[in-house]
Amino acid sequence: MKKIAVLTSGGDAPGMNAAVRAVVRKAIYEGLEVAGVFNGYQGLIEGKIELLQLGSVGDIIQRGGTMLRSARSEEFRTIEGREKAMKQLKLNGIEGLVVIGGDGSFRGALELTELGCPCVCVPATIDNDINGTQFTIGFDTALNTVIDAIDKIRDTATSHERTFIIEVMGRNAGDLALWSGLAGGAETILIPEEKYELPAIIERLKSGTGRGKRHSIIVVAEGVMSAAELAERLKVEAGIETRISVLGHIQRGGSPSARDRVIASQYGAKAVEVLKEGRGGLAIGMRNHVVVNYDLKDVFEKPNVFDVEMYKLSRELSI
Ligand code: ADP
């Protein structure tokens with residue numbers, strides 16, 4: 001393999017830039033040419049492709065978002081769109097592609113691999129919802145953003161003796177809510193992976209008040225319900241007044257944490273290593289502190305592993 005390309009796709013995540021930098025620098029280190037595709041798969045279809053040099057990725061390791069920009073492409077979901085993308089890859093002499101993104105982007109990469117362009121995927125999403133890897137790029141930064149918000153809200157909750165409901169992102173995954181709830185000392189954490197019973201939540205809040213607890217923090221994952229809905233239900237069913245805070249897109253931005261920069265560098269470099277060997281249809285990830293590559297199909301075919309022990313611990317520590 002002589003020339004590869006890299007793109008970022010789907011929702012942006014802090015650390016994507018660090019991953020792009022790693023791909024570009026490792027590729028050049030290995031003697032490969034490397035091109036950047038701008039605007040994700042849509043840019044690939046449109047031929048927004050530029051050769052990158054060592055300096056092209058200077059001064060980006062600390063920046064959130066993605067210098068290659070991201071996009072969602074409906075056209076790429078069609079076979080005609082993907083054939084246009086394949087044409088552009090051939091036209092530019094690109095023999096392999098690193099795709100940095102979430103599971104939608106991974107599906108696209110699998111399709112391209114099947115059309116003949118080997119793709120290696122680097123997981124980058126704040127949701128931490130990619131099967132087969134313990135950590136995705138961006139999760140740690142988002143987690144720290146959420147914890148910072150919980151700490152601030154706690155000041156008001158304590159001063160005004162209030163119950164706060166904080167809604168966090170995560171799509172259908174509860175990792176961001178669970179980890180931030182545990183680290184932020186939330187009294188109640190609602191995640192899609194575990195059933196919740198409203199009467200039990202009410203009971204918990206009331207027994208807390210009974211033993212003199214004057215404030216409470218509830219973290220709810222967006223995949224369960226909105227903070228507004230939960231607030232309404234607590235009011236209607238138990239007369240409990242709450243305040244809500246929807247953290248929204250602040251969770252997606254910001255300078256990547258040290259940990260995200262490190263794993264982005266490791267994942268990006270690993271992607272080039274395997275791609276250089278001509279291997280495609282693979283995902284990069286972390287298992288027990290080791291950077292691994294595994295079959296891309298496992299992302300879609302194997303069930304997501306949820307950390308039940310951590311959930312139990314969060315319950316035990318918030319009695
Ligand atoms: P993320 O990668 O963050 O999960 P999306 O789900 O929006 O984000 O996916 C990003 C892009 O990947 C989509 O806009 C689309 O172009 C492409 N994509 C998603 N699913 C498929 C699919 N099944 N086949 C081909 N391309 C897909």
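The values are calculated or read from the model by the stated rules, or taken from the named source; none is laboratory data. Bear in mind the structure is a predicted one, so any value in this text is a computation, not a measurement. With ideal geometry, Cβ positions are generated from the backbone for all residues, glycine too; neighbour counts draw on all protein chains shown.
Going residue by residue through the stretch 215-226, is there one that turns out to be modelled with pLDDT under 95, within 15 Å of residue 315 (Cβ to Cβ) and in a helix (DSSP H, G or I)? No, the stretch 215-226 contains no residue that is modelled with pLDDT under 95, within 15 Å of residue 315 (Cβ to Cβ) and in a helix (DSSP H, G or I).
When the stretch 134-183 is filtered for residues that are among the acidic types (Asp, Glu) and in a loop (DSSP other than H, G, I, E, B), only 161 remains.
Exactly one residue out of 197, 193, 232 is out of contact with any Cys (no Cβ under 8 Å at 6 or more places or on another chain), of a type in the set (Asp, Glu), surrounded by fewer than 22 Cβ atoms within 10 Å (Cβ to Cβ) and in contact (Cβ under 8 Å) with a residue 40 or more places away in the chain, and it is 193. Within the stretch 137-170, being out of contact with any Lys or Arg (no Cβ under 7 Å at 6 or more places or on another chain), at pLDDT below 95 and among the charged types (D, E, K, R) holds for 154, 155. Candidates in the stretch 95-112 are the residues that are more than 9 Å from the ligand (Cβ to nearest atom) and farther than 25 Å from residue 139 by Cβ; of these, the one that is surrounded by the most Cβ atoms within 10 Å (Cβ to Cβ) is 96. Among all residues of the stretch 30-48, there is at least one that is in a loop (DSSP other than H, G, I, E, B), within 11 Å of the ligand (Cβ to nearest atom) and modelled with pLDDT of 95 or more.
Candidates in the stretch 115-133 are the residues that are within 13 Å of the ligand (Cβ to nearest atom), β-branched (Val, Ile, Thr) and part of a loop (DSSP other than H, G, I, E, B); of these, the one that is farthest from residue 86 (Cα to Cα) is 126.
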